[in-house]
Amino acid sequence: KNGLHMLAVDFGASSGRTVLGTYNGSRLAVEEIHRFSNDPVRLGGSLHWDFLRLFHEMLQGIRACKPFTAGAPASLAVDTWGVDYGLVDGRGRLLGNPYHYRDSRNEPAMRRVLNRIPEEELYRRTGIQTQSINTLFQLEAEGEAASQAGEDVRMLFMPDLFRYYLCGEISAEYTIASTSGLLDPQLRGWDEEVLALLPHPRAMFPSIVMPGTTAGSLRAALAEELQMSSFPVVAAASHDTASAVVSVPAQAGGSYAFISCGTWSLMGVETEQPVITEQSRKLAFTNEGGADGRIRLQKNIMGLWLLQECRRYWELEGETLTFGDMQAMAAGEEAAAAYVDPEDPVFLAPGNMPERIRSRCRQTGQPVPQTKSQMIRCIVESLAMKFSQTLHEIEELLGRRLDAVHMVGGGIRNRLLCQLTANITGRCVIAGPVEATAVGSLLMQAKARGELHTRDEMRQVVLASFPPDLYSPEDTGRWQEAYARYRKINANAHHSE
Ligand code: LRH
């Protein structure tokens, strides 16, 4: 195919993929050329990412593009999930295996930090919702050991780490750095006073680069190993969620909330400036960075993790279900039986998810899901309920009503989730693209090359290339009643801790 060939390497918390994009000046065609699972490894009591395996899979993905591109791609960019990082010493050696944000070390570290700075003040400075996974708390958990590792040690967020080993450039890309809880959201740079809460040397934190800049080119040794000529490596919006938001095909002037649906559900709006108020803190909204210096005012909702973890648990018990099976099972199940709060931190760690959900239902005096179908139905409806609640909260923070909900990412394959979201919010749901994160990466790479300039241009490309699916609200009266019940059951179910 003729056009500009670019590679998006997208690492999610449960799987990774390499997507080849071909841009012909008005449309973008995407093709997944390599896909692999991302399996966390428990080692000596800690939970880690298998960085070397992920790096290997990335190289496999680059290799796999050769037949399509007749040589090297025009550029490549890597994005990953948020908050995690690796430490690299002055000689370029990776110090240890990066920790998984679901490791249990973070919870006590969070409490230690909050003893040094009141939560209100930390939120006022950073605008980031207090979650144990935040890089700030992870670095605290790292403790003295890391600070003694030497003055030349650098902390690199996951996509920065991949980029460093690809092209040798050391920097912190803005959107991924914005997930850390270490930035001043107004300045869009490191918050010196927050960094000073940690024992780590200041020099550990590299300078910040804005998304859409070319970082360097593929290291000669890798080019040789891949038998390819070298090519530019771009720092796109390297936080997967920021990248997904780039591809939302909003109409000009439309007012909407986005939901990026993957392992997590990230729901929010883009704003020109951070929204940091007592109310936004209480409602646990976070202010992360967007692709063009805008702010993603959003909420990190536990998302399809609840289903993924049930599925993994059932597989261990001997029954393997596909996500298609699970969707069909939920669709045939009776509606509005029981709800949990998908924001409850009790669901964060890996483990026996079905039992945790049953126990929450028991504690709140609801019918306890007995069968797998009932369990799946409970999760999918709870998510849609949470989306509706979050929509109302966003409208409260902004002081205006939003017309539509854009859902993007792999989770929109769950059509029941999309339809329920329309029914419960009473708004039209516009779903697509499925490969939102990769599409966002490819658009930002085209921008780095000067092929695309504005967000509007990018939206035109997305609309022309990936026509979205529309879901209109149905049965709204009945769902309003169910929503009122959900609100009553989960009112302060965990905020009251
Ligand atoms: C989703 C995501 C989300 C959070 C979480 C840790 O993949 O990036 O935005 O940062 O991972």
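The values are calculated or read from the model by the stated rules, or taken from the named source; none is laboratory data. Being a predicted model, the structure only gives us computed values, none of them experimental. Quick reminder, even Gly has a Cβ in these numbers, built from the backbone with ideal geometry, and neighbours come from all protein chains shown.
Report yes if some residue within segment 96-108 is among the acidic types (Asp, Glu), surrounded by fewer than 22 Cβ atoms within 10 Å (Cβ to Cβ) and within 16 Å of the ligand (Cβ to nearest atom); otherwise report no. I'd like the intermediate steps shown before the answer.
Filtering segment 96-108 for residues among the acidic types (Asp, Glu) gives 103, 107.
With surrounded by fewer than 22 Cβ atoms within 10 Å (Cβ to Cβ) added as a condition, the list becomes 103, 107.
Of the ones still in play, those that are also within 16 Å of the ligand (Cβ to nearest atom) are 103, 107.
Yes, that holds for at least one residue.
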Inset, instruction - Test Leu416 against the criterion of being touching a residue at least 40 places away in the same chain (Cβ under 8 Å), more than 24 Å from Ala291 (Cβ to Cβ), loosely packed, with under 15 Cβ neighbours inside 10 Å and aliphatic (A, V, I, L, M), and give yes or no. - result: no
Inset, instruction - For segment 269-295, enumerate the residues that are on the phi > 0 side of the Ramachandran plot and either buried (at least 24 other Cβ atoms within 10 Å of the Cβ) or at pLDDT 95 or above (or both). - result: Ala284
Inset, instruction - Kindly indicate whether Gly82 is within 16 Å of the ligand (Cβ to nearest atom) and in a strand (DSSP E or B). - result: no
Legend entry - Complete set of residues in segment 21-41 that are crowded, with 17+ Cβ neighbours inside 10 Å, assigned to a strand (DSSP E or B) and free of Cβ contacts under 8 Å to residues at least 60 places away in the same chain: Thr22, Ile33, His34, Phe36
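How about segment 292-322: which of its residues are in a loop (DSSP other than H, G, I, E, B) and under 16 Å from Pro274 (Cβ atoms)?
Across segment 292-322, the qualifying residues are Asp292, Gly293, Arg294.
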Inset, instruction - Report yes if some residue within segment 270-289 is under 30 Å from Ala29 (Cβ atoms), without any contact (Cβ under 8 Å) to a residue 40 or more places away in the chain and in a strand (DSSP E or B); otherwise report no. - result: yes
Inset, instruction - Kindly provide the set of residues from segment 325-353 that are among the aliphatic types (A, V, I, L, M) and either under 18 Å from Asn490 (Cβ atoms) or in a loop (DSSP other than H, G, I, E, B) (or both), ordered by number. - result: Ala335, Ala336, Ala337, Ala338, Val340, Val346, Leu348, Ala349, Met353
Legend entry - Criterion (surrounded by fewer than 24 Cβ atoms within 10 Å (Cβ to Cβ), farther than 19 Å from Ala177 by Cβ and among the hydroxyl-bearing types (Ser, Thr, Tyr)) met by exactly one of Thr213, Thr263: Thr263
Legend entry - Checking Leu87 against (1) part of a strand (DSSP E or B); (2) away from the ligand (no atom under 16 Å from the Cβ); (3) farther than 17 Å from Arg202 by Cβ; (4) not basic (Lys, Arg), the condition it does not meet: (3)
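Condition check ((1) at pLDDT 95 or above; (2) of a type in the set (Asp, Glu); (3) more than 16 Å from the ligand (Cβ to nearest atom)) across all residues:
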| site | (1), (2), (3) |
| --- | --- |
| Leu297 | yes, no, no |
| Glu315 | yes, yes, yes |
| Glu334 | no, yes, yes |
| Ala337 | no, no, yes |
| Phe347 | yes, no, no |
| Ile379 | yes, no, yes |
| Leu383 | yes, no, no |
Legend entry - Inter-residue pairs, beta-carbon under 9 Å, first within 10 Å of His200 (Cβ to Cβ) and in segment 133-150, second among the aromatic types (Phe, Trp, Tyr) and modelled with pLDDT of 90 or more, 6+ apart: Leu139/Tyr85; Glu142/Tyr99
Inset, instruction - Would you check if Arg377 is out of contact with any strand residue (DSSP E or B) (no Cβ under 6 Å at 6 or more places or on another chain), buried (at least 19 other Cβ atoms within 10 Å of the Cβ) and farther than 22 Å from Ile259 by Cα? - result: no
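Looking only at segment 136-164, filter to residues that are among the charged types (D, E, K, R) and touching a helix residue (DSSP H, G or I) at 6+ places or on another chain (Cβ under 7 Å); which one of those is surrounded by the most Cβ atoms within 10 Å (Cβ to Cβ)? Steps first, answer last, please.
Kept after step one, since they are among the charged types (D, E, K, R), are these residues of segment 136-164: 140, 142, 144, 151-152, 154, 160, 163.
Restricting the remaining residues to those that are touching a helix residue (DSSP H, G or I) at 6+ places or on another chain (Cβ under 7 Å) gives 140, 151, 154, 160.
On the way: Glu140: 23, Glu151: 9, Arg154: 22, Asp160: 28.
So the residue we want is Asp160.
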Legend entry - Evaluation of Phe55 against (1) of a type in the set (A, V, I, L, M, F, W, C); (2) away from the ligand (no atom under 14 Å from the Cβ); (3) within 30 Å of Phe285 (Cβ to Cβ) (one fails), failing number: (3)
Inset, instruction - Determine which single condition Asp325 fails, assuming it passes every other condition in (1) surrounded by fewer than 19 Cβ atoms within 10 Å (Cβ to Cβ); (2) under 26 Å from Leu47 (Cα atoms). - result: (2)
Inset, instruction - Six or more apart or on different chains, Cβ under 7 Å: which pairs go from a residue in segment 108-131 that's under 19 Å from Val275 (Cα atoms) to one that's of a type in the set (Ser, Thr, Tyr) and assigned to a helix (DSSP H, G or I)? Could you list them? - result: Thr130/Tyr123
Legend entry - Qualifying residues in segment 248-267 (those that are of a type in the set (Ser, Thr, Tyr) and within 15 Å of the ligand (Cβ to nearest atom)) - the one nearest to Thr390 (Cα to Cα): Ser265
Legend entry - Counted residues, segment 114-135 - those being surrounded by 13 or more Cβ atoms within 10 Å (Cβ to Cβ), over 24 Å from the mean Cα position of the chain (by Cα) and part of a helix (DSSP H, G or I): 1
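Pick out, from segment 408-484, the helices (runs of 4 or more DSSP H) lying fully within it that include 3 or more residues that are within 30 Å of Ala74 (Cα to Cα).
Correct list: 436-448, 455-465.
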Inset, instruction - Among the residues of segment 170-188, write down those that are surrounded by fewer than 24 Cβ atoms within 10 Å (Cβ to Cβ) and either under 15 Å from Pro211 (Cα atoms) or modelled with pLDDT under 95 (or both). - result: Ile170, Ser171, Arg188
Legend entry - Flag for Ala446 being surrounded by fewer than 23 Cβ atoms within 10 Å (Cβ to Cβ) and under 23 Å from the mean Cα position of the chain (by Cα): no
Inset, instruction - Please determine, by comparing only the residues of segment 6-20 that are without any contact (Cβ under 8 Å) to a residue 60 or more places away in the chain and more than 14 Å from the ligand (Cβ to nearest atom), which one is nearest to Asn97 (Cα to Cα). - result: Thr18
